[in-house]
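Bear in mind that the values in this text are calculations on the coordinates, not laboratory data. Everything quoted here is computed from the prediction, not taken from an experiment. All Cβ positions, even for glycine, are placed from backbone atoms using ideal geometry, and neighbour counts span all protein chains on display.
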């Protein structure tokens, strides 16, 4: 099992990792790879702060999250700098 030690907050890391890329992340992937135990809570916080988050179901029936390049206001600058 791979594990990465985060040097920033989980929200900062997730914004950098997902925003504007074609990457998606499931709860199982987030926990196993990055140690993010409650991805749904982090996604909820990111939505409340104005990020556009797409929720899809992958081929295994798991919920996967992706973050749009632009936030709800149309800006591209980072919210968690």
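Tabulated results
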| item | result |
| --- | --- |
| Helix 39-48 axis, angle to the chain major axis (alpha carbon atoms, nearest 10°) | 0 |
| Modelled FRET efficiency - R0 22 Å, residue 68 with residue 40, Cβ distances, 0.05 increments | 0.75 |
| Additional length obtainable on full extension of the chain from residue 60 to residue 23, 0.36 nm per residue less Cα span | 11.7 nm |
| Relative contact order (%) - the chain, alpha-carbon pairs under 8 angstrom, separation at least six | 33 |
| Order of 45, 15 under a 10 Å beta carbon neighbour criterion, fewest first | 45, 15 |
| Packing-based exposure ordering (other Cβ within 10 Å, fewest first) of 8, 27, 68 | 8, 68, 27 |
| Value of Rg/Rh across segment 10-67 [Cα atoms, Kirkwood radius] | 0.92 |
| Length added when fully stretched, residue 79-residue 49, from 0.36 nm per residue minus Cα-Cα | 10.0 nm |
